[in-house]
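Have a look at the structure below, then the notes.
The values are calculated or read from the model by the stated rules, or taken from the named source; none is laboratory data. Please read all numbers here as calculations on a predicted model, not as lab measurements. A quick note on method: Cβ atoms are made from the backbone with ideal geometry, for glycine too, and the neighbour counts reach across all protein chains shown. Surface areas here come from the heavy atoms of the whole protein model, side chains and all, with no ligands, DNA or RNA. Shrake-Rupley method; radii C 1.70, N 1.55, O 1.52, S 1.80 Å.
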Amino acid sequence: MDVQSTKSKVLASLFWKLMERGGTQGIQFIVQIALARLLVPDDYGVIALIAIFITIANVFVQSGFNIALIQKKDVNETDFSSVFYLSLLVASLLYIILFFIAPSIATFYHEVQLILILRVLSITLFFGAFNSIQNAVISRKMQFKKLFFSSLGAMLVSGTIGIVFAYTGFGVWALVAQQLINQFMITTILWFTVKWRPKLVFSFKRVKGLFSYGWKLLVSSLIDTLYMNLRSLIIGKIYNPATLGFYNRGDQFPQIIVTNINGSIQSVMLPAIASEQDNRQRVKGMVRRSIATSSFILFPMMVGLAVIAEPLVIVLLTDKWLPCVPFLQISCASYALWPIHTANLQAINALGRSDIFLRLEVIKKLIGLIVLWISINYGAYGIAIGTLVSGIISTFINAYPNLKLLKYSYKEQCKDILPSLILSLIMGAIIYNIKWFNMQSWLTLILQIFFGSFIYIIMANIFKLECYIYLLATLKDTFKIRKGATK
């Protein structure tokens, strides 16, 4: 496949991935606002505790096999079917374990209602087993259009049901119903749209071959998941569900934006880079482009979101959620680093160096645990700041292997992100001063968003930022591709 056709396929895939992420997250954002206004912080804190255990269990269900299926050059139906049955078996075993340890978890957190909620929500493990294979098929074929329709349809149905449950007084069970139905609908829609069905075949040899690559990703993902959720476990234990609810709510706003934009780019980049893994110079160019483009888009969003945090929370969630504002602002700084993290790590994965990936995870988490141990002494806000400190250190660690693998130096990476960062900080400093006019929160919010967007685009145009010019050209190419596809 030549460079132009590869670019066209990547752009088309990125378009649908952004549509899938944007459409789903947009609806989810509206749903979460409605639910947050109807429910209380304690309800979200309870669900956050449950989600930790289900998320960890899902790591074992997917076992790194889905990425191995995407990365491996030659896969067949035996590979997909073998992984599918193995994932179902693992999901069944983990469900049984969670079912029986639910009372112990409830006792540890002094929340009796956790027992039934954990047992019900753990059903999503089986949907995860289905989805991991379906997503691998979609990613290999870069058919993200199908993922768009399944995610969008599922969120519409589950969001509506969740809001109805919350409005009629079901409390925390509104969140349970919304999550359970969402996963069920995604699995069901993909079953009818993805042309893949498990065969009655199973090969230990094929599984072993995939596991030789996937086990490192499994351990890496497990370490990362345990580490990322450790803060929530500690906050939920030391403080109360309400504090955990504020912590998670503050984290949610920047997370939605970053997972939507950066997640879309990286989901498409993994198979794209994997297809070019023998051409290191080409891979380096793709990684540089990914970092520069993601940073240009996400830096102003994170800086802007940190500035408008207070009026945003008041307008969308009401005053009862104001304690989440500091958490939100700290999270914005942490998530701004994600484009650098993920682009470097995706390159390592796509090049088949899961051994390096695993070593990086161990080093980062050891450092992170030390930072966490220190930050616990400074309260919940101290824990959040500790996350930022760990993120900054991890940025240099993640970039280090690519100094040799791709000859992509720290200096080059700084050069790729610094212009966007400087313009974002200037923009943030300007719109921050709008708050001193003492207007109503909704008017302050509108003016800050409008002038922030305007100022950033104007500055990018004045200084002729290379990533800005490239992004405009890419958007034109994307529309041409979409227009050509509809003819």
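General observations
- The C-alpha atoms of the stretch 47-180 occupy a region whose extents along the principal axes are 50, 32, 17 Å, arranged from largest to smallest.
- The listed residues I256, I392 rank as I392, I256 when sorted by accessible area, largest first, using a 1.4 Å probe.
- Bridgeable aspartates and glutamates around K205 (alpha carbons under 15 Å apart, same-chain partners fewer than 8 residues away excluded): D74, E77, D79.
- Working note: 222 nm ellipticity from helices only, DSSP H runs with n ≥ 4, each -39,500 (n - 2.57), summed and divided by the residues of the chain, gives -29500 deg cm²/dmol to the nearest 500.
- Dipole magnitude of the chain about its Cα centre (Cβ charges: Lys, Arg +1; Asp, Glu -1), debye to nearest 20: 1640 debye
- Solvent-accessible surface ranking, highest first, for S212, S409 at 1.4 angstrom: S212, S409
- Estimated at the nearest 10 Å², the accessible area of T55 is 60 Å² with a 1.4 Å probe.
- Equivalent ellipsoid, the stretch 111-160 (semi-axes from 5 times Cα gyration tensor eigenvalues, Å): 28, 15, 6
- Rounded if a/c under 1.5, otherwise prolate or oblate - the stretch 150-241, Cα gyration tensor axes: oblate
- Only protein heavy atoms count here; under a 1.4 Å probe, K464 has an accessible surface of about 120 Å².
- For the chain, the solvent-accessible area of protein heavy atoms averages 45 Å² per residue (probe radius 1.4 Å; ligands and nucleic acids excluded).
- Checked against a 19 Å cut-off, the cross-linked pairs K146/K195; K237/K364; K284/K415; K141/K195; K141/K476; K284/K464 give Cα-Cα distances beyond that limit for K237/K364; K141/K476; K284/K464.
- Over every Cα atom in the stretch 293-343, the radius of gyration and the widest Cα-Cα span, Dmax, amount to 12.2, 37 Å.
- Multiplying the residue separation of F108 and V164 by 0.36 nm and removing their Cα-Cα distance gives an extension gain of 17.0 nm.
- Using heavy atoms of the protein chains and a probe of 1.4 Å, the accessible area assigned to W191 is about 80 Å².
- For the stretch 140-186, fraction of C-alpha pairs farther apart than 17 Å, in %: 39 percent
- Rounded percent of accessible protein surface that carbon and sulfur make up, the stretch 109-210, 1.4 Å probe: 70 percent
- Shape category assigned to the stretch 39-111 from the gyration tensor of Cα positions, a/c cut at 1.5: prolate
- Global form of the chain, assessed from the alpha-carbon gyration tensor, a/c cut-off 1.5: rounded
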